[in-house]
Amino acid sequence: EAGLYIVATPIGNLGDVTVRAVDVLRRCEVIACEDTRVTGKLLKHCGVNTRMMRYDDHASDRQREGILDLARSQPVALVSDAGTPLISDPGYRLVRDAREAGVTVTSLPGACAAITGLTLAGLPNDRFLFAGFLPVKEKARGDVLSELANVAATLIFYETGPRLERSLKTIAEIWPTREVAVARELTKMHEECRTGTASDVATYYAAHPPKGEIVLLIGPPDVSISTADPDALLREALQEVSPS
Ligand code: SAM
């Protein structure tokens, strides 16, 4: 059972840790984590005493090699502060190097804010595109949004409270009619999900400045034919050529 274990952890509610995660974290030789205090709380809650070490993707190659050397003979876990490692979190370089070095990689699925938000928002979910955090600078944020304008899918972003209103205003300018959803404090006591046009939701949050963590979702552009049934356009086109 040596190898690198990518272990998802809760995004708020500690009850969401999986039975398998606790079992693997307990058996591991070491747990690589972003912040030993944050992960320490989870381990305490789960009664796990495994040693922790800090890791992020800025770690030196030598540090990464050290972790992978250990993972050849012992189980080693990677967790992030919350949710699924690698998803807007460290781990990409470690997994890449592990695969290259022939170290076994195992991924233990669990909470992920993007997916939790998607399942709560009631927006079309047959196609979605997760695009991480929107850029901080206004111009770059507008550029990213315009670049995604023609994507026939629900768009998912991670966002922070202080930036939400400005992002919603930019979205309202580009897409006044697309439905958006703000999923906040998922799995926590003050969980909420608000939907409407970007300007409606912006008005609400101008009056109620949002605290905590946020997933921002934008429903697909109104080309329902391609979102409801991606093959419908093609079938229609074919029928025009050879009516049966
Ligand atoms: N790896 C994590 C995951 O699987 O969801 C995401 C890590 S990323 C650094 C942190 C961002 O995820 C937050 O800024 C927020 O946008 C989102 N997030 C994390 N937990 C959340 C929660 N409980 N409710 C809403 N959004 C959350």
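Rule-based calculations on the coordinates, nothing more; no lab input. No experiment lies behind these values; they were computed from the predicted model shown. For neighbour counting, all protein chains shown are included, and Cβ atoms are generated from backbone atoms with ideal geometry for every residue, glycine included.
Observations, loosely collected:
- When the test is whether a residue is within 12 Å of the ligand (Cβ to nearest atom) and either under 30 Å from VAL22 (Cβ atoms) or in a helix (DSSP H, G or I) (or both), SER146 does not pass it.
- Counting only helices (runs of 4 or more DSSP H) that fall entirely inside the range 1-97 and contain at least 2 residues that are out of contact with any Lys or Arg (no Cβ under 7 Å at 6 or more places or on another chain) and closer than 22 Å to GLU185 by Cα, the qualifying elements are 36-46.
- Residue match in the range 158-174 (condition: part of a strand (DSSP E or B) and more than 10 Å from the ligand (Cβ to nearest atom)): no
- Some residue of the range 132-139 being touching a helix residue (DSSP H, G or I) at 6+ places or on another chain (Cβ under 6 Å), within 16 Å of the ligand (Cβ to nearest atom) and in a loop (DSSP other than H, G, I, E, B): yes
- Look at the range 107-135: where a residue is without any contact (Cβ under 8 Å) to a residue 12 or more places away in the chain and surrounded by fewer than 17 Cβ atoms within 10 Å (Cβ to Cβ) and a partner is outside any loop (DSSP other than H, G, I, E, B) and aliphatic (A, V, I, L, M), sitting 6+ places away or on another chain with Cβ atoms under 7 Å, you get PRO135/VAL144.
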